[in-house]
Amino acid sequence: MDGVTVAENTDAERAALLRFVERFALVLRESGMQPMPARVFAYALADDADRYTAAELADGLQVSPAAISGAVRQLVQIGFLVREREPGTRSDLYVLDDGQLWTRFVTAELQALRRFEDVVAAGIEQLGADRPGGRRLVETQEFFAFLGEVLADAVTRWPEERERRRLG
């Protein structure tokens, strides 16, 4: 592993890391992510290492390697982790793909918002907008459209804004 491993952290640092992991994983779970992928993602995001074997993730999170298997598979599928293999090794390495991580995340959320908007638009067409439920659907569609525009604009502006914030 390139980076600081769990064994190199003090007990206090490890405890603080695991407290953060559990808090952030809870927020991710409340947003719809499964529990173990949420924990693995939060750990990879906050820990100092930049690549892990499944055994290292299991050790770091104090869970069984079997619990890690499905979690990393899901995180690879959604693009949060990348699976790599070093020449001459038998273990896969999992790397947090942090290049534009949150831009990719919000872009995926934008696609979900568009699907919501499309379904609501079909509901308006089917049920009509001239009744109380229809008016609520119209407002829902307008809100999703607005939110999509704002988020798309934020994604577009983020590289410049990130640089501005880094320069302080």
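Please treat every number below as a calculation from the coordinates, not as lab data. Remember, predicted model here, so these are calculated numbers, not experimental data. Neighbour counts are summed over all protein chains in view; Cβ atoms, including those assigned to glycine, are modelled from backbone coordinates with ideal geometry.
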Would you kindly state how much longer the chain becomes between GLU163 and ALA121 on full extension, computed as 0.36 nm times their sequence separation minus their alpha carbon distance, in nm to one decimal? 11.3 nm
Order of LEU28, LEU147 from fewest to most other C-beta atoms within 10 Å? LEU147, LEU28
Among GLY133, LEU18, PRO35 - extreme Cα towards positive end, dipole of the chain, charges at beta-carbon: GLY133
Residues with amide H under 5 Å from that of LEU93, placed H, sequence gap 5 or more: GLU84, ARG85, GLU86
The exposure ranking of ILE68, ILE78, ILE124, fewest beta-carbon neighbours within 10 Å first, is ILE78, ILE124, ILE68
How about the stretch 64-115: which trypsin sites (Lys or Arg not before Pro) there lie in a loop by DSSP and see at most 12 other Cβ atoms within 10 Å? ARG85, ARG90
Contour minus end-to-end for SER31 and ARG136, with contour as 0.36 nm per residue of separation and end-to-end as the Cα-Cα distance? 35.4 nm
Computed [θ] at 222 nm, helices only, for the chain once each DSSP H run of length n ≥ 4 contributes -39500 (n - 2.57): -23500 deg cm²/dmol
Rounded to the nearest 10, the angle in degrees between the Cα long axis of helix 35-46 and the longest principal axis of the Cα atoms of the chain comes to 70
Among (1) 2.03; (2) 1.32; (3) 1.95, only one was calculated for this model; which label is it, if the read-out is Cα Rg over 2.2 N^0.38 Å? (2)
